[in-house]
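Report on the following structure.
Computed from the coordinates by the stated procedures, all read-outs in this text should not be read as laboratory data. Bear in mind that the values here come from a model prediction, so they are computed numbers and not experimental data. Here the Cβ positions follow ideal geometry from the backbone for every residue, glycine too, while neighbour counts run over all protein chains shown.
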Amino acid sequence: MNDKVKIMIVEDETIVAMDLSLRLQKEGYEVVGIASNSDDAIEIYTEHKPDLVLMDINIKGKKDGIETAAALKKIQEVPLIFLTAFSQNEYITRAKTVNPSAYLVKPFNNDSLHTSIQIAIHNFAVPGKPTHPQPVVEAKDDTAKETLLFFNNYFFVKHNYRFNKFSLDELLFAESDNNYIRLVTTKKKIALRLSLQYLADKFNHPALVRVHRGFIVNIRNIDSFNEEEIIIGPHQIPIGRNYKDDFLKSFRYL
């Protein structure tokens, strides 16, 4: 499965849109489409289901960027970054009504673009963040402590200053290793400096079940189990005595 963050661009200036697309691809993102108006944006959005939208506020047509953003959010909520050449005007006041995850003021550099994307994903995925972020020219990365985010049935894992995504269905189990946890997926193992309890508290998903003080499993991927252990592919995972009842009850909620 592609682990790149999928981004849609809505920008009616062709040169600007192409430049932005090239920048994003060089940063390791996947651009799933470029729209110059509201109708095209809705069509691309519905077909490709991007993980994030970069939306110019001042696109031409029957609907501007703010109205287009409102229409997209009715289809499905995703992180949205407004692009604007103005830091303070009536557009910003209107833009707040659709709760964007971030603003980016033109002109911007690659660092500002990349960091704003991280902040947008972070603000969207982490409860309690401000719903009306302030416009920024050079965004500063305040997401350093958030290395693991979850929304829309995907995990976003921060590695080398970039969020990489994988589906919940790809996760087999998480294992505690002193001050780290190891996420074992169908394709790779990912080590994060987090506690297993942090994972359990932060991602309260019915498919992720604590079965031992050192393990959380994705019960969707269990091959077999008995009273003492769980089998997921080649992996044998112990069932702790204090976790057995909750493990069995968890099957009722899927």
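Things worth noting here:
- Burial ordering of 114, 48, fewest other beta-carbon atoms within 10 Å first: 48, 114
- Neighbourhood charge, 14 Å Cβ-Cβ cut-off, centred on residue 204 and excluding it, Lys, Arg +1 and Asp, Glu -1: 0
- Model label zone, residue 76; criterion: amide N under 17 Å from point 7 Å along Cα-to-beta-carbon; scope the range 11-30: 30
- Simple Cβ-charge dipole of the chain, Lys/Arg +1 and Asp/Glu -1, about Cα centre, in debye nearest 20: 600
- Under 11 Å from the residue 14 label point (7 Å along Cα→beta-carbon), backbone N, the range 33-57: none
- Order of 228, 27 - criterion: other Cβ atoms within 10 Å of each residue's Cβ, fewest first: 228, 27
- Here is the size of the range 167-253 from its Cα atoms: Rg then Dmax, 11.9, 32 Å.
- Once the Cβ-Cβ distance of residue 106 and residue 220 is raised to the sixth power relative to R0 = 51 Å, the FRET efficiency obtained is 0.70.
- Alpha-carbon centroid distance for the pair the range 67-84 / the range 184-241, whole angstrom: 35
- Dipole-positive endmost among 32, 101, 9 within the range 6-125 (Cβ charges, Cα centre): 101
- In the chain, the DSSP-assigned H stretches of four residues or longer account for a calculated mean residue ellipticity at 222 nm of -8000 deg cm²/dmol, using -39500 (n - 2.57) per stretch and the full residue count as denominator.
- Semi-axis lengths, Å, the chain, gyration tensor of Cα atoms, sqrt of 5 times eigenvalues: 39, 17, 16
- Listed by number, the DSSP H helices of the chain that run 30 Å or longer by alpha-carbon position along their axis and have mean Kyte hydropathy of at least 1.6 come to an empty list.
- At q = 0.21 Å⁻¹, base-10 log of I(q)/I(0) for the range 6-125 (Debye sum, equal scatterers on each alpha carbon): -1.26
- Most fluctuating residue given options 177, 19, 40, as computed from a GNM of the chain linking Cα atoms under 10 Å: 19
- Highest-MSF residue in the chain out of 234, 100, 206 [GNM, Cα springs under 10 Å]: 234
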